[in-house]
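Presented below is the structure to which this report refers.
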Amino acid sequence: MFLNKKTPRSVVTRLSLGYAFICLLFCTAVFAVVSIRIKIAADRRIDKTLAAELREFSDIYEKQGRQGLHEEFKREAESNGAKALFCLLVSPDNHIAVSSDLSVWKNLKNELLRIAEPEPGRMAFETLYPQDEDMNTRAAAVRTSDGSLLIFGINLQSETHSYEKIQRILIAGSLAALLLSTLSVWLIARHAMSGVRRVTRAVADIRKESLNRQVPQGNEGREINELADAFNQMLRRISTLVRELKEISDNVAHDLRSPITRMRGAAETTLTGPQELDAYREMGLTIIEESDRLTGMINTMLEIAQSESGVLEISRGPVDLTALLKNAVELFQPVAEEKRIHLSAELPETPLTVSGDKNRLQRVAANLLDNAIKYTPSGGTVRLSCRAVPDGAEVEIRDTGIGIAPEELPQIFDRFYRSEKSRSSCGNGLGLSLAQSIIQLHGGWIAAESRPGEGSAFNLFLPRSGR
Ligand code: ADP
């Protein structure tokens, strides 16, 4: 009952105790109602008997007078026993004129004479409680035509005994029902909870190394299987996250190692080579270049992480998307020309304004154009188009490049993901991931479709008012 607050009672105990309490209330209510009804029925039956007997005595008195009544009283007392009943006739001057054997009713004699006065032509009923409990009595009285009072009483002892017996049976029955039903609830709850315990044990057994294990399904009920399913889904998500985390750290390690190796190589070559100023200058330039690349990569990683965790603050202002895209295309025109790629833009005549962070949106456009040019062989085309839609703007960058294999398409927005075919070209696999997180921060979406060997199309939507 007084358990430590930190260790709450088990669900099985709570259910069983709760049920036992409800059952106890119910049994008590049933017991009270049944007892009262039995008592009322018994009282009615006794009053009926008293009334019938009194009517009979009245008839005898009217027809045969005191003598006839005396014999009738005697007969009644003999056949039922002097202790079981009493009958008497009280004359109008308040004296007992005729009576059955009243020797055992001494204690009641005075009370009998004070019995309630019946209304004319009606009977009065009264229960008398003398000190001796065995003599509790239900009595009825009626006035005869000559003004005498006929009284008839029945000892309630046997009635009380049978009533008490019924009460004992009812109490025993209620207790048995209470115990049995509480036990059944306890067993049922224990069985139902066995599923929860099984799932708990299975989950507790799962370690980092065994994250791909599954909580087995059982036959304890649908809810338990749903719980096992939910755990399995969570395990799959955790397993994916752990795998992604590992891949990311592997990629980070790899991508950080390359520029550091290049810087070390440059420094080593310079130091071991002829000690010329130009060589040192070249080494300085290489180190600056590689450091910039490293810093850029680290900043991009931080930006993606901040954006995904929702802490990245972006400025929100009106951005003319038409102008922004036009500038981006102009910026990439020389690169495209150098690679003999036809870069074209199809932009609205009028400014198309969205709310957002101009610099970050420029980076998205630059990343997508850079990719399109990078992954399109010479002679291909890259086309950028933009159009207004009811609640914002849609941008498409379509190329006739190498395309992306269908199985790789779902992963291109993952951090550090680079397809097999693109490993030869420069890049770190962060561009699309950053683009996606920036667009999502603006309340938009980005999607890609592609056919290997035919080209790719990147579509993005930016809402007019942002989030
Ligand atoms: P990267 O630095 O490798 O370009 P991104 O995140 O920008 O990194 O792109 C991820 C990968 O998606 C690329 O390595 C490439 O395999 C694929 N990809 C992106 N854009 C294109 C495109 N226009 N055509 C073909 N493949 C693309």
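The values are calculated or read from the model by the stated rules, or taken from the named source; none is laboratory data. No experiment lies behind these values; they were computed from the predicted model shown. We place every Cβ from the backbone using ideal geometry, glycine too, and count neighbours over all the protein chains shown. Side chains are part of the model used for accessible areas, which takes the heavy atoms of the whole protein and leaves out ligands, DNA and RNA. Shrake-Rupley method; radii C 1.70, N 1.55, O 1.52, S 1.80 Å.
Return the residue satisfying two criteria in turn: it lies in segment 196-214 and is closer than 28 Å to Lys246 by Cβ, of a type outside the set (Lys, Arg) and touching a residue at least 12 places away in the same chain (Cβ under 8 Å), and of such residues it is surrounded by the most Cβ atoms within 10 Å (Cβ to Cβ). The qualifying residue surrounded by the most Cβ atoms within 10 Å (Cβ to Cβ) is Val199. Set side by side, the residues Thr400, Thr322 differ, and just one is open to solvent by 40 Å² or more (accessible area, probe 1.4 Å) and in contact with a Pro (Cβ under 9 Å, 6 or more places away or on another chain), which is Thr400.
Does Ile438 satisfy the condition of being crowded, with 19+ Cβ neighbours inside 10 Å, under 15 Å from Ile341 (Cβ atoms) and either over 45 Å from the mean Cα position of the chain (by Cα) or more than 8 Å from the ligand (Cβ to nearest atom) (or both)? Criteria not met by Ile438.
Scan segment 353-365 residue by residue and report those that are within 15 Å of the ligand (Cβ to nearest atom) and either at pLDDT 95 or above or farther than 17 Å from Ile314 by Cα (or both).
Val364, Ala365
Hey, any hits in segment 180-195 for a residue that's of a type in the set (Val, Ile, Thr), within 35 Å of the chain's Cα centre (by Cα), more than 30 Å from Ile60 (Cα to Cα) and open to solvent by 60 Å² or more (accessible area, probe 1.4 Å)? Within segment 180-195, one or more residues are of a type in the set (Val, Ile, Thr), within 35 Å of the chain's Cα centre (by Cα), more than 30 Å from Ile60 (Cα to Cα) and open to solvent by 60 Å² or more (accessible area, probe 1.4 Å). In segment 80-149, counting only strands (runs of 3 or more DSSP E) that sit wholly within it, the ones holding 3 or more residues that are open to solvent by 20 Å² or more (accessible area, probe 1.4 Å) span 96-99, 123-128. Does Arg387 satisfy the criteria of being open to solvent by 30 Å² or more (accessible area, probe 1.4 Å), at negative phi, away from the ligand (no atom under 13 Å from the Cβ) and at pLDDT below 90? So Arg387 fails the test. Within segment 366-382, residues that are within 6 Å of the ligand (Cβ to nearest atom) and open to solvent by 10 Å² or more (accessible area, probe 1.4 Å) reach partners that are among the polar types (S, T, N, Q) and part of a helix (DSSP H, G or I) with beta carbons closer than 8 Å, at six or more positions or on different chains, in the pairs Tyr375/Ser422. Could you tell me how many of the residues in segment 202-260 are at pLDDT 85 or above, in contact with a Gly (Cβ under 9 Å, 6 or more places away or on another chain) and of a type in the set (D, E, K, R)? Residues in segment 202-260 being at pLDDT 85 or above, in contact with a Gly (Cβ under 9 Å, 6 or more places away or on another chain) and of a type in the set (D, E, K, R): 1 in total.
Of the set (1) open to solvent by 40 Å² or more (accessible area, probe 1.4 Å); (2) within 8 Å of the ligand (Cβ to nearest atom); (3) at pLDDT 95 or above; (4) not polar (S, T, N, Q), all apply to Glu337 but (2).
Results for (1) touching an Asp or Glu at 6+ places or on another chain (Cβ under 6 Å); (2) more than 11 Å from the ligand (Cβ to nearest atom); (3) free of Cβ contacts under 8 Å to residues at least 12 places away in the same chain, shown as yes or no for each residue.
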{"position": "Pro351", "(1), (2), (3)": "yes, yes, no"}
{"position": "Glu394", "(1), (2), (3)": "no, yes, no"}
{"position": "Arg398", "(1), (2), (3)": "no, no, no"}
{"position": "Gly401", "(1), (2), (3)": "no, no, no"}
{"position": "Ile412", "(1), (2), (3)": "no, no, no"}
{"position": "Arg415", "(1), (2), (3)": "no, no, no"}
{"position": "Ser419", "(1), (2), (3)": "yes, no, no"}
{"position": "Gly429", "(1), (2), (3)": "no, no, no"}
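With respect to (1) open to solvent by 30 Å² or more (accessible area, probe 1.4 Å); (2) at pLDDT 95 or above; (3) of a type in the set (Phe, Trp, Tyr), the lone exception for Phe458 is condition (1).
Remark: Leu15 falls outside the filter, which requires a residue to be at pLDDT 90 or above, surrounded by 12 or more Cβ atoms within 10 Å (Cβ to Cβ) and in a helix (DSSP H, G or I).
Taken together, the criteria place Ser450 among residues that are of a type in the set (Gly, Ala, Ser), closer than 25 Å to Ser378 by Cβ and either within 11 Å of the ligand (Cβ to nearest atom) or assigned to a loop (DSSP other than H, G, I, E, B) (or both).
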